[in-house]
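Take a look at the structure below.
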2 protein chains.
Amino acid sequence: MARPERRTVRDVRRGNRAMLLRELYFSGPASRNDLTRLTGLSAATVSTMTGDLLGDGIVVEAGQVESDGGRPRVLLRVNPVYGFAIGVDVAETHVRVGLFDLGMTELAKVDYALRPVRHDPELVARHVLAGIDVVLSDAGVAPEQVLGVGVGVPGIVEPGLDGLIHAKTFGWDGVPLGALLREGTSLPLFVDNGAKAMGQAELWFGSGRGASDAVIVLLGTGVGATIVADGTAFRGTSSSAGEWGHTTIVAGGRPCRCGARGCLEAYIGAEAILERAGAPIQSDWQEELGRLLAERSPVIDETVAYLGVGLATLVNLLNPQRIVIGGWVGTMLGQTLLLDIRRATAENALAEPYAATSIVLGRLGPDVVALGAATLVLEEFLNAPQVARITAAG
Amino acid sequence: MARPERRTVRDVRRGNRAMLLRELYFSGPASRNDLTRLTGLSAATVSTMTGDLLGDGIVVEAGQVESDGGRPRVLLRVNPVYGFAIGVDVAETHVRVGLFDLGMTELAKVDYALRPVRHDPELVARHVLAGIDVVLSDAGVAPEQVLGVGVGVPGIVEPGLDGLIHAKTFGWDGVPLGALLREGTSLPLFVDNGAKAMGQAELWFGSGRGASDAVIVLLGTGVGATIVADGTAFRGTSSSAGEWGHTTIVAGGRPCRCGARGCLEAYIGAEAILERAGAPIQSDWQEELGRLLAERSPVIDETVAYLGVGLATLVNLLNPQRIVIGGWVGTMLGQTLLLDIRRATAENALAEPYAATSIVLGRLGPDVVALGAATLVLEEFLNAPQVARITAAG
DNA sequence: CCGCGTTAGTTCAGGACCGGAAACAAGTTC
DNA sequence: GAACTTGTTTCCGGTCCTGAACTAACGCGG
């Protein structure tokens, strides 16, 4: 209602510059001429703007295109080594830190194992800070060249400077990871939920590319979703939107670790699947699920049916253009059973919205939280390159 | 991802003008000085802009405020009779047409009864067109003064010029109501789902005011929801987002008229409630529900429990700041049982998002579809006053 | 009743921006 | 090598917002 908050003529420049940069980033190398078409800006504007960007080193030339009777086009692209982004994946069993260039190529990474027992926030913070130093020196990148650090963590991240984290299953309740990290580094920080970071990766570089209304669902030990509205991750009022796993699909059904009953996660979470199949608790989950799939256990069919119910809820409620299925359970199920999943969804969804939705598999595999976290930095950079640069310095 | 699409310096003006107008509309009469604070614009800009708006007749003076030692403030407000909006409610049993000024005061209205049996699209269109003529002549308003006509209809409205409507229960499948109406009038048309129109009214003038992330749920014969993200109704990729009623809450449960099983509507839709209570089919539903409530039938408790499950899904998935309960069933239940509804929701929702959500009753009563439809026109007007004007002329 | 202080609102010059047109650049083709 | 074609840059005009100077309208104290 009180949404549009623009102000001065200067914002126009920033907006157009961001648009041009985005276009250049995603539509690969392009000539100035292409850019006028892609952005809708005049040739004059594109010229001055690319001039600036070239001067700043954000954009570089990338060869020429043979002409067919006229002056050849000079191709431009975003300079992948103009700056770098660090992505951090804080998970149950490890802390992983990766260094990426702007093309999201991983230049270096380092892992620290975590005891699943208790997760000392200060230990995690130390790992992250050490990891940052390690990847930077490994790749020979100076801290001043880093545009920011994205951190994907379990649980709900409160918006705000401290990056307060609530994650019951992780043993964290109100841990100010952001503040802890800020004590050890002056790099700009972007803390977000790991599943959302992953969704971000899938949205920008995976099967979600180009969709403006999409849902990226994550099926693993936990069950979550990233809701994309209008091309951006939807966060809700306290940044916890997308808690799809605790949607009730059987009122009064199986108890869930969240305390309620009949949650989706209590049926299609990895643990729930294996439990329903009567698998031994201490087994290797991934292997066990593979066995169930291979023998086409009835439990799998049930799981697909429940998944269809859950997906139908998303289809009806959000009417997305695309649903991307990710996470290790999702990948395993989807690889053999995508058609069945679609059918199960169709059975439970309304015809019109179902027809508008395509259900596809994620492309990036389950191990992309760090990439997704780094993508948060990239997003900021593309939205306001110079601003990010300044913050990075300060 | 490819979201920001601004272009020229002229957009700045339009955006600021819209912002100023919104502020003026919702923050009541205000002086130019107040507006500089409210909008963040400079006094100079506010001065020239209000000058324009006064010249166009969009804004008028509204008295002065006593000074306390300086020049007195001149109050300004949006001119409620600068233009008018027509709102139309096409429902099962009637077509209602209302004429509103910009203050959303109803100046005239007219009703046409519809046989619930079959709904001839051409008949509906004739009623709407006749209704427009009637309310205009009743109130003595010329067609040139009308900024647009909002139409709330049952079912899903496809985006596009024709306003294609799909509404199984209404007997419409691909009816181009927009096109039919355009044959009889050149006024700008805004066709949307009736529940969404109602949600719009509640969002702008009812309990939803000021919320940027909210869900307005509609409990009546059908069950639906308007999802508000970032202050605007979220539509999804084919405008059918918000189909909350066909969310599955009991996998394999009661059959629903949509064809699936265990939908929310199959438990808390008016018909379902009465059926579960064993009420005679031909009874007066409203009266019957009143009786059940008065005697505190166990069916009511069940209904509240199911409603809690459905609301919890919204809380978890969308993390709204506010949930507004509307519709005639919602109003009746909520008036006596709001606390129970809240409790039932808390039992099924995650703690963090639940804590961030306030669940409140709608303020506007069930009969505001026409107002909501007119609000669509108002929204357009506030976003781009002059453009709306031009379209109105053409 | 007349300055003076105070607050509200207006006018104007200045700087930033975009688009259109013309100019310039760098090829191909005949 | 002249004519043509296409890509890119330069320049000018118009729009926009802001800061500062300026005008307007009022209360108050003498």
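The values are calculated or read from the model by the stated rules, or taken from the named source; none is laboratory data. Just so you know, these numbers come straight off a predicted model, no measurement behind them. In this analysis, Cβ positions are derived from the backbone assuming ideal geometry, glycine residues included, and neighbour counts consider all displayed protein chains. Protein only, heavy atoms only, side chains kept; ligands, DNA and RNA dropped before computing areas. Shrake-Rupley method; radii C 1.70, N 1.55, O 1.52, S 1.80 Å.
Figures for the structure shown
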| quantity | calculated |
| --- | --- |
| Failed item in (1) open to solvent by less than 40 Å² (accessible area, probe 1.4 Å); (2) aliphatic (A, V, I, L, M); (3) in a strand (DSSP E or B), with residue B:107 passing the rest | (1) |
| Check on residue B:60, assigned by TED's automatic domain parsing to the domain that holds residue B:101 and more than 16 Å from DNA strand D (Cβ to nearest atom) | no |
| Single unsatisfied condition, residue A:221 versus (1) of a type in the set (Val, Ile, Thr); (2) closer than 25 Å to residue A:202 by Cα; (3) within 14 Å of chain B (Cβ to nearest Cβ) | (3) |
| Criterion: more than 30 Å from residue B:167 (Cβ to Cβ), part of a helix (DSSP H, G or I) and basic (Lys, Arg) - qualifying residue of A:296, A:342, A:363, A:291 | A:291 |
| Neighbours by Cβ (under 6 Å, 6+ apart or cross-chain): first from segment A:202-215, touching a residue at least 40 places away in the same chain (Cβ under 8 Å); second of a type in the set (Asp, Glu) and open to solvent by 10 Å² or more (accessible area, probe 1.4 Å) | A:212/A:230 |
| Residue match in segment A:265-279 (condition: closer than 19 Å to residue A:169 by Cβ, open to solvent by 10 Å² or more (accessible area, probe 1.4 Å) and in a loop (DSSP other than H, G, I, E, B)) | no |
| Only listed residue being within 12 Å of chain A (Cβ to nearest Cβ), more than 9 Å from DNA strand D (Cβ to nearest atom), open to solvent by less than 30 Å² (accessible area, probe 1.4 Å) and not acidic (Asp, Glu), chosen from B:21, B:53, B:38 | B:21 |
| Residue that is nearest to residue A:133 (Cα to Cα) [pool: residues in segment A:66-85 that are surrounded by 15 or more Cβ atoms within 10 Å (Cβ to Cβ) and within 12 Å of DNA strand C (Cβ to nearest atom)] | A:74 |
| Output for segment B:243-256, where each listed residue is open to solvent by less than 30 Å² (accessible area, probe 1.4 Å) and more than 7 Å from chain A (Cβ to nearest Cβ) | B:245, B:253, B:256 |
| Of residues in segment B:334-362 being more than 14 Å from chain A (Cβ to nearest Cβ) and within 22 Å of residue A:247 (Cβ to Cβ), the one surrounded by the most Cβ atoms within 10 Å (Cβ to Cβ) | B:341 |
| Qualifying position, being facing chain A (nearest Cβ under 8 Å), part of a loop (DSSP other than H, G, I, E, B) and out of contact with any strand residue (DSSP E or B) (no Cβ under 8 Å at 6 or more places or on another chain), among B:259, B:236 | B:236 |
| Selected residue (criterion: farthest from DNA strand C (Cβ to nearest atom)) from residues of segment B:44-61 that are in a helix (DSSP H, G or I) and under 13 Å from residue B:21 (Cβ atoms) | B:56 |
